[in-house]
Amino acid sequence: MKEYAVPTAALDLSNWSHVSRLPRSITPTIIDVCRTLTPDAPAYVPCIPGPSCKCGHCYSNVEMTVEQRGGQAVFGWSLWDLPGIWLYAEHHCVWRMPNGELVCVTPQLGHETRILFLSDAAPEDRACHYLPYERHPLVLLAKEHQEKRMVLIEEGRFQSMARQHHDDEICRLLHRFEQLVQKRAAWAKTKEERAMKKMKRKRK
């Protein structure tokens, strides 16, 4: 059986709930993954919700803000991280103020004070994207289930057995991936310890 490479850093999926979170920093890995969408680099944009702006209505929120306060709309992607698994890119729109600064006027579900935004003037589509950090078969299969799960949610089929099936499969696949990562990390640690012991013996 062919062995696929997995990252050596252990993953913590104990509280995993299909919810990607705001990346804590812009890592080289995130930048590389973003290049699959556009050559531009992502940047943090402050969230200052407008008084009449609604969650999940970024296009109309920005349109209303531009009419009231000037500036222009900037299209692109808001980026959310499931550490070690994938980067979730959701098509988004932010407001460019008359002074040129970018602001997200749309309230965020997690009450975030900023978002990670990737500008993309003319994306080919506005579908959400799950961009794997590791192209391991388990992750890619989990990605397929996640995409099907999101379709059901968009259709309002929250309580369907099909959605539950996808939930179960995602958890099962990523749990298996976590086990592989932990096994590889343990193997790498053992290899390093053996190398250190061998080096100490040579010095004696």
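Taken together, the values in this text are just the output of simple stated rules run on the coordinates, not laboratory data. From a predicted model like this one, the values you see are computed outputs, not experimental measurements. Glycine gets a Cβ as well: all are built from the backbone with ideal geometry, and neighbour counts include every protein chain shown.
Between segment 37-116 and segment 175-204, what's the alpha-carbon centroid distance in Å?
44
Taking the beta-carbon count within 10 Å as an exposure proxy, list TYR59, TYR130 from fewest neighbours to most.
On the way: TYR59 14, TYR130 19.
Going from least to most buried by this count: TYR59, TYR130.
As I understand it, the value is the acute angle between the Cα axis of helix 161-203 and the longest principal axis of the Cα atoms of the chain; what does it come to in degrees, rounded to 10?
Helix 161-203 sits roughly 50 degrees off the main axis of the chain.
Of the peptides 149-160, 27-38, how do they stack up when ordered by the mean number of other Cβ atoms within 10 Å, highest first?
27-38, 149-160
Of the residues GLU178, GLU90, GLU112, which exhibits the maximal mean-square fluctuation in a Gaussian network model of the chain defined by a 10 Å Cα contact cut-off?
In this elastic network of the chain, the residue with the biggest mean-square fluctuation among GLU178, GLU90, GLU112 is GLU112.
Count the lysine pairs in the chain whose Cα atoms lie under 17 Å apart, taking only pairs 8 or more positions apart in sequence or on different chains.
For the chain, the number of qualifying lysine pairs is 7.
Considering the chain as a Gaussian network with a 10 Å cut-off on Cα pairs, which listed residue, TRP77, TRP187, TRP95, attains the greatest mean-square fluctuation?
Sorting by GNM fluctuation, first place goes to TRP187.
Specify whether the C-alpha gyration tensor of segment 116-171 places it in the rounded, prolate or oblate class, a ≥ b ≥ c being the square roots of the eigenvalues: rounded for a/c under 1.5, otherwise prolate if a/b is larger than b/c and oblate if not. Display every interim value, and only then the final one.
Working: a/c = 3.01, a/b = 1.36, b/c = 2.21.
Oblate is the answer for segment 116-171, as a/c is 1.5 or above yet b/c matches or exceeds a/b.
Need one word for segment 82-204: rounded, prolate or oblate. Basis is the Cα gyration tensor (sqrt eigenvalues a ≥ b ≥ c); a/c below 1.5 gives rounded, then a/b vs b/c decides.
Oblate, since a/c reaches 1.5 and b/c is not below a/b.
Would you compute, from DSSP H runs of 4+ residues alone, the mean residue ellipticity of the chain at 222 nm, taking -39500 (n - 2.57) per run and dividing by the full residue count, rounded to the nearest 500?
The per-residue figure over the chain is -13500 deg cm²/dmol.
May I ask you to derive the relative contact order of the chain, considering only C-alpha pairs under 8 Å and at least 6 residues apart, and to give it as an integer percent?
Details: 304 pairs, mean separation 51.2, N = 204.
Answer for the chain is 25 percent.
How high is the relative contact order of segment 134-204, in percent, with contacts defined as C-alpha pairs under 8 Å that are six or more residues apart? The partial results should precede the final answer.
Values: 29 pairs, mean separation 24.2, N = 71.
About 34 percent, as a whole number.
What does the C-alpha gyration tensor say about the overall shape of segment 20-133? Classify as rounded when a/c is under 1.5, otherwise prolate if a/b is larger than b/c, or oblate.
prolate
Could you list PHE117, PHE75 in order of exposure, starting from the residue whose Cβ has the fewest other Cβ atoms within 10 Å?
On the way: PHE117 21, PHE75 17.
Ordered from fewest to most neighbouring Cβ atoms within 10 Å, PHE117, PHE75 come out as PHE75, PHE117.
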